[in-house]
Amino acid sequence: MAVTGIILVLFLIAHMLGNLKVFTGATSFDHYAHWLRDIGKPVLPGVWFLWIQRGVLTVAVLAHIAAATVLARRSRAARPVRYAHRPKVQGSYAARTMRWGGVIILLFVIYHLLDLTTGHLNPVGDPSKPYSNVVADFAPERWYVTLFYTLAIVALGFHLRHGAFSAFRSLGQQTPRGEARARAAALVFAVALSAGFLVVPFAVLTGLVS
Amino acid sequence: MNLTLRIWRQSGPEDKGRMVTYQVDDVSPDMSFLEMLDVLNERLILAGEEPVAFDHDCREGICGMCGMMINGVAHGPQRGTTTCQLHMRQFSDGDTIDIEPWRAQAFPVIKDLVVNRSAFDKIIAAGGYITAPTGSAPEAHSVPVAKANADAAFEAAACIGCGACVAACPNGSGMLFTAAKVTQLSLLPQGQPERYTRVIGMVEAHDEAGFGGCTNAGECTVACPKGIPLNTIGRLNRDYLKATTKQADNTPGS
Amino acid sequence: MDLYIEGDPIADTKAPDGPIETRWERRRFEAKLVNPANRRKMTVIVVGTGLAGGSAAATLAEQGYKVKSYCYQDSPRRAHSIAAQGGINAAKNYRNDGDSVHRLFYDTVKGGDFRSRESNVHRLAEVSVNIIDQCVAQGVPFAREYGGLLDTRSFGGAQVQRTFYARGQTGQQLLLGAYQALERQVGLGNVEMNARHEMLELIVVDGRARGIVVRDLVTGEITTEFADAVVLASGGYGNVFYLSTNAKGCNVTATWRAHRKGAYFANPCFTQIHPTCIPVSGDHQSKLTLMSESLRNDGRVWVPKAKGDDRAPRDIPEDERDYYLERIYPSFGNLVPRDIASRAAKAVCDQGRGVGPGGLGVYLDFADAISRLGRKAIEAKYGNLFEMYERITGEDPYEVPMRIYPAVHYTMGGLWVDYDLQSTIPGLFVIGEANFSDHGANRLGASALMQGLADGYFVLPNTIANYLAAGPFEKLDASHPAAVEARRDVEDRIQRLLAVNGDRTVDSFHRELGQIMWDHCGMERSEAGLRKAIDEIRALRDQFWQRVRVLGDGDGLNQSLEKAGRVADFFELAELMCIDALHREESCGGHFRAEHQTEDGEAQRDDENFSYVAAWEFTGTGKPSVLHKEDLKFEYVHPTQRSYK
């Protein structure tokens, strides 16, 4: 879980920073988007890097889901009879919502790819004009899209908060002081990443980016 | 005060079990939770009904024998407290209290609120010790132990093996119990020779017993009546990683 | 009818003579040995998994014997040794404060009010130092100084700091050490562990203890188990008082059944009343909770000078308080031995100066210690005890003085054993609190853990070989007439208990029995009271067999049935305790006879007539027991009146 999670987190960081290019204007953003497809050129021909990256991410996602499934099946097997009075959350909500959170994020990723990568669900849907795709997507009258994105990103934030802390722990973080730091770092990271992702749709919604 | 209790009744391992409602009146706030159940049982016996079976022994919070889910919380609402030390002043008149056994595959129900926790003994037998046959010990002062390490070892050693961590864990994992013993022994110089074989043996026994995997949810440490810290699991993970990677080839001196 | 008959004296034939420092070494040398190959052919049954039973089972298995271990709890780790708080004594003299093996020996004999065997006590003091080494090697996290060395503190009845501790959970840590050693042997296949099994009868074949009858508490199945020797480590019988600091399951059944089969019961009336327990809060009370004696290091015991002073403790000015222990016993002050502290508390409460509900309590005040050392230091030393007190009483002891009152805590009496810890039935060994040997009429604080581990780790594993050297004995199976009979006795008894189907619960009888014992055989005993108690116990026992109600059957987990069997045995023991207390016309240690006290109310011993161990032989239900006296000789510590003034 920890290792695949870290790969995905690295991608998310890059993705979030790239998104912020939207504030530099349409030309610059579109140029950046096209560059993403060509990284590695001329060492690698055309979109090779893009496909390598897609492959690694897909493997990471599948492995992440597989590991989560193993854990979930184990925990179901470990408690065949459920409590009649469902246990209250005593620790953190972030930790207790990992599985459902993960499912929400997966559904979102599928929608997101159909929306802004393939363009099937996008009102503009022109792969050569990512900037206008984005602007059209989060237009005020399509407020429900923004709402869905927001919910998904909040779910992602929760997922990352516990995921990041848990990764530290699984990889052997062991002192009480380190635990406090790991928790704080996970929180800051989760909030910063979520905020970074959320500014784009809200900027469009409020007309800051058009 | 007067209370409504909904208690899990299960006549034996094969019975499906169900929640049964009882009314208990005139409960004194100075009673312990188990004394309140004693009162219920006395009344049940006189009424010709089988008393509720529950485990208990020392009734001073140290033997680890008692334990039940009280309103969905292991050992009830007061933190750092075993069921026997929980007093009725934590509840109010008219409350409805749900009482269930620990639920886990590795802790099968024997009867009513009594479960079988022998899986914990198996984890200890798989490495939760320091090999020091009687008579072989060197003079106690021959190896000093830094006070900080001794104190941290003690903190982990305070585990009473009640199973609340497993009961509270959303995954039914016994990792806090396992990690507490690993931590105690790996913090002491006497525990070093067996440090890496110990962690492998104990984790294997843990998994074999049917406990779930740890996802660092942290419910265990909140439920723990002795406050065993969650970072013990980090210590276990670190030792386990080392044991399975660096030490895996068993080369002496590695 | 006479209450008892006096029989022939009894003697400890195994104790060597000669210089006391050499006796244990000589006994070990003179005892026969069993070679390692033969050990594998022999089985030892160990009943109980506390400090004594757990350490003995582990050690015997390490030596190569096959061990079968039994406990009524769901895991060997839960034996009641786990609740011991304060610490364990050892004559290490790490403090350089004048301690030595001889001083520990001297303190223990004197603390026991000259009713213990010198040879046994000296051996105990000798091996005390090995215990600490052993436990440290096992990873027991004792308290340490900043330099990394072991910390020690002082305890009641001693003027040196020889008590090793692990915060307020020393018993727990020592027991877990023994438990882990035991589980290691379980893992290696050398110990067959049977948790949730209760011993209900001893099997004696040709005069030798050869097995036990046990009931599987989960399935109700009754089986006969055989071995070459049987070790009882089943603890004390304080629960005869119903309210005590013992765990709810602690019982006398194992030792009482052995007594009925011929093992003498020694000094049953010697019970220890611990001075610092949380007072009773109401009729619902199911057990009493101890506050470690170590609290008396820093807490000061007092009551108001005036009777019936019901002001809040902080409103009572200093000059209206009576720090009675410091006043009466200036040299030991708050650290006088347990029997003395308990009786003094009872005395001030009898004068009407007790505090709290019912006037049954005295204050244990930490205000001075907190202002001298700071709250932090007190928290570090006693934090868990203070929390426990607050959970139980709802009062914060950092702000309000604790209220404490004496409670039954430990029983010095038990099955009679010789120097080898063997009872009067060959092949039946008794260790830990279950035997009587080392504490005399009063046990010093932090000595129970020492004795349990001394017996289990170091004494029994050496002495049992002398007996087993004659083995292995004839193989037996469940069809042997003695086994069949023992098993039938157990089954009949269970059926009898289930058949009564009366109108009173087991607990109601137990509670009533406990009240009789507390009133008449508790902190102060008198002839009239004891005679009354004997009559009441007999009448109540008859009632029990006519009116007890045990629901369900014997074919599964039935906690009422378990309790009923235990209470039935307590009835028989209770009577013997009162007879023993009645016959001992002196006051010594925990046994205080109102008729025998000095002018200022101190215990008055009668060494001329009572310097002996009273070993009682069972002759049949309803028949008077036979008293066998074992004379005590004091060559090294000369009996004086104990004075802690």
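Taking the stretch C:100-131, which residues are polar (S, T, N, Q) and either over 19 Å from C:V613 (Cα atoms) or touching a His at 6+ places or on another chain (Cβ under 7 Å) (or both)? It would help to see each step written out before you state the result.
Taking the stretch C:100-131 as the starting set, the residues that turn out to be polar (S, T, N, Q) are C:100, C:108, C:116, C:119-120, C:128, C:130.
Result: C:S100, C:S116, C:S128, C:N130.
Filter the stretch A:173-204 down to the residues that are touching a Phe, Trp or Tyr at 6+ places or on another chain (Cβ under 6 Å) and either surrounded by fewer than 17 Cβ atoms within 10 Å (Cβ to Cβ) or β-branched (V, I, T) (or both) and list them by number. Break it down into steps so the answer makes sense when it comes.
Restricting attention to the stretch A:173-204, the residues satisfying the condition of being touching a Phe, Trp or Tyr at 6+ places or on another chain (Cβ under 6 Å) are A:182-183, A:186, A:201, A:204.
The answer is A:V204, and nothing else.
Looking at C:D107, is it part of a loop (DSSP other than H, G, I, E, B) and acidic (D, E)?
Working: part of a loop (DSSP other than H, G, I, E, B): no; acidic (D, E): yes.
So C:D107 fails the test.
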(Q) So C:L232 ticks every box in (1) surrounded by fewer than 24 Cβ atoms within 10 Å (Cβ to Cβ); (2) touching a residue at least 24 places away in the same chain (Cβ under 8 Å) but one. Which box is left unticked? (A) (1)
Q: Give just the number: which of (1) of a type outside the set (G, A, S); (2) crowded, with 16+ Cβ neighbours inside 10 Å; (3) more than 18 Å from the chain's Cα centre (by Cα); (4) assigned to a helix (DSSP H, G or I) does A:R76 not satisfy?
A: (2)
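Given the condition of a type outside the set (F, W, Y), assigned to a helix (DSSP H, G or I) and in contact with a Leu (Cβ under 8 Å, 6 or more places away or on another chain), answer yes or no: does some residue in the stretch A:42-51 qualify? Steps first, please.
So in the stretch A:42-51, the residues of a type outside the set (F, W, Y) come out as A:42-47, A:50.
Then drop every residue that is not assigned to a helix (DSSP H, G or I), which leaves A:50.
Those left that are additionally in contact with a Leu (Cβ under 8 Å, 6 or more places away or on another chain): A:50.
Yes, the stretch A:42-51 contains a residue that is of a type outside the set (F, W, Y), assigned to a helix (DSSP H, G or I) and in contact with a Leu (Cβ under 8 Å, 6 or more places away or on another chain).
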(Q) Name the residue that is surrounded by the fewest Cβ atoms within 10 Å (Cβ to Cβ), counting only residues in the stretch B:148-187 that are facing another protein chain (nearest Cβ under 9 Å), polar (S, T, N, Q) and assigned to a helix (DSSP H, G or I). (A) B:N149
Q. Checking B:T82 against (1) in contact with a strand residue (DSSP E or B) (Cβ under 7 Å, 6 or more places away or on another chain); (2) within 20 Å of B:S173 (Cα to Cα); (3) polar (S, T, N, Q), which single condition isn't satisfied?
A. (1)
Q) From the residues in the stretch C:205-224 that are buried (at least 22 other Cβ atoms within 10 Å of the Cβ) and not in a loop (DSSP other than H, G, I, E, B), which one is farthest from the chain's Cα centre (by Cα)? A) C:T224
Q) Do you know which of the residues in the stretch C:534-559 that are in a loop (DSSP other than H, G, I, E, B) and without any contact (Cβ under 8 Å) to a residue 60 or more places away in the chain is farthest from the other protein chains (Cβ to nearest Cβ)? A) C:V550
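Going by the conditions given, is B:V39 over 30 Å from C:S292 (Cβ atoms) and either buried (at least 24 other Cβ atoms within 10 Å of the Cβ) or aliphatic (A, V, I, L, M) (or both)? Outline the logic, then answer.
Details: over 30 Å from C:S292 (Cβ atoms): no; either buried (at least 24 other Cβ atoms within 10 Å of the Cβ) or aliphatic (A, V, I, L, M) (or both): yes.
Criteria not met by B:V39.
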(Q) For the stretch C:594-630, which positions are in a loop (DSSP other than H, G, I, E, B) and crowded, with 21+ Cβ neighbours inside 10 Å? (A) C:R605
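Listed residues C:A79, C:A52; which is among the small types (G, A, S), surrounded by 20 or more Cβ atoms within 10 Å (Cβ to Cβ) and in contact with a strand residue (DSSP E or B) (Cβ under 9 Å, 6 or more places away or on another chain)? So that I can check it myself, show each step before the final result.
On the way: C:A79 fails: in contact with a strand residue (DSSP E or B) (Cβ under 9 Å, 6 or more places away or on another chain).
Only one candidate qualifies: C:A52.
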(Q) I'd like to check something: does the stretch B:99-106 contain any residue that is modelled with pLDDT of 95 or more, surrounded by 18 or more Cβ atoms within 10 Å (Cβ to Cβ) and out of contact with any strand residue (DSSP E or B) (no Cβ under 9 Å at 6 or more places or on another chain)? (A) yes
Q) Can you tell me which residues in the stretch A:27-64 are under 18 Å from the mean Cα position of the chain (by Cα) and not hydrophobic (A, V, I, L, M, F, W, C)? A) A:Q53, A:R54, A:G55, A:T58, A:H64
(Q) Regarding the stretch B:130-140, can at least one residue be identified that is at pLDDT 95 or above, more than 9 Å from chain C (Cβ to nearest Cβ) and part of a helix (DSSP H, G or I)? (A) no
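Has the stretch C:151-169 got at least one residue that is among the aromatic types (F, W, Y), outside any helix (DSSP H, G or I) and surrounded by fewer than 23 Cβ atoms within 10 Å (Cβ to Cβ)?
The initial filter retains those residues of the stretch C:151-169 that are among the aromatic types (F, W, Y), namely C:155, C:164-165.
Checking which are outside any helix (DSSP H, G or I) leaves us with C:155, C:164-165.
Applying the additional criterion that residues be surrounded by fewer than 23 Cβ atoms within 10 Å (Cβ to Cβ) yields none.
There is no residue in the stretch C:151-169 that is among the aromatic types (F, W, Y), outside any helix (DSSP H, G or I) and surrounded by fewer than 23 Cβ atoms within 10 Å (Cβ to Cβ).
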Q: Output the residues belonging to the stretch B:204-227 that are of a type in the set (A, V, I, L, M) and buried (at least 24 other Cβ atoms within 10 Å of the Cβ).
A: B:A217, B:A223
(Q) Here are the criteria: (1) in contact (Cβ under 8 Å) with a residue 60 or more places away in the chain; (2) part of a loop (DSSP other than H, G, I, E, B); (3) within 19 Å of C:G112 (Cα to Cα). Tell me which single one C:H638 does not satisfy. (A) (1)
Q. Regarding A:G91, is this residue over 30 Å from B:R103 (Cβ atoms), without any contact (Cβ under 8 Å) to a residue 40 or more places away in the chain and in contact with a helix residue (DSSP H, G or I) (Cβ under 7 Å, 6 or more places away or on another chain)?
A. no
Q: With the condition kept exactly as written, say whether any residue in the stretch C:274-282 is within 14 Å of chain B (Cβ to nearest Cβ) and either in a helix (DSSP H, G or I) or at pLDDT below 90 (or both).
A: yes
Q | Of all residues making up the stretch C:473-497, the number that are surrounded by fewer than 15 Cβ atoms within 10 Å (Cβ to Cβ) and not in a helix (DSSP H, G or I) | A | 5
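Quick check: is even one residue across the stretch C:251-266 under 30 Å from C:M199 (Cα atoms), modelled with pLDDT of 95 or more, in contact with a helix residue (DSSP H, G or I) (Cβ under 6 Å, 6 or more places away or on another chain) and part of a loop (DSSP other than H, G, I, E, B)?
Start the filter on the stretch C:251-266 by keeping residues that are under 30 Å from C:M199 (Cα atoms), which leaves C:251-266.
Those still in the list that are modelled with pLDDT of 95 or more too: C:251-266.
Okay, now just the ones that are also in contact with a helix residue (DSSP H, G or I) (Cβ under 6 Å, 6 or more places away or on another chain), so C:251-253, C:255-256, C:265.
If we keep only those that are part of a loop (DSSP other than H, G, I, E, B) too, we end up with C:251-252.
Within the stretch C:251-266 (the criterion being under 30 Å from C:M199 (Cα atoms), modelled with pLDDT of 95 or more, in contact with a helix residue (DSSP H, G or I) (Cβ under 6 Å, 6 or more places away or on another chain) and part of a loop (DSSP other than H, G, I, E, B)), the answer is yes, since at least one residue qualifies.
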Q | Among (1) more than 22 Å from the chain's Cα centre (by Cα); (2) surrounded by 13 or more Cβ atoms within 10 Å (Cβ to Cβ), the one test that C:E30 misses | A | (2)
Q: Within the stretch B:188-213, track down each residue that is within 14 Å of chain A (Cβ to nearest Cβ), aliphatic (A, V, I, L, M) and touching a residue at least 40 places away in the same chain (Cβ under 8 Å).
A: B:V199, B:A209
Q) under 20 Å from B:G72 (Cα atoms), in contact with a helix residue (DSSP H, G or I) (Cβ under 8 Å, 6 or more places away or on another chain) and within 14 Å of chain B (Cβ to nearest Cβ) - does that describe any residue in the stretch A:58-81? A) no
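Sort through A:V200, A:V154 and tell me the only one that's within 21 Å of the chain's Cα centre (by Cα), closer than 21 Å to A:N133 by Cα and aliphatic (A, V, I, L, M).
On the way: A:V154 fails: closer than 21 Å to A:N133 by Cα.
Just a single option satisfies the conditions, and that option is A:V200.
Looking only at residues in the stretch A:82-105 that are part of a helix (DSSP H, G or I) and among the hydrophobic types (A, V, I, L, M, F, W, C), which one is nearest to the other protein chains (Cβ to nearest Cβ)? Walk me through it before giving the result.
Of all residues in the stretch A:82-105, those part of a helix (DSSP H, G or I) come to A:93-96, A:98-105.
Checking the rest, the ones that are also among the hydrophobic types (A, V, I, L, M, F, W, C) come to A:94-95, A:98, A:100, A:103-105.
Values: A:A94: 9, A:A95: 4, A:M98: 7, A:W100: 12, A:V103: 15, A:I104: 17, A:I105: 16 Å.
Result: A:A95.
The values are calculated or read from the model by the stated rules, or taken from the named source; none is laboratory data. Since this is a predicted model, take the numbers as computed values, not measurements. For neighbour counting, all protein chains shown are included, and Cβ atoms are generated from backbone atoms with ideal geometry for every residue, glycine included.
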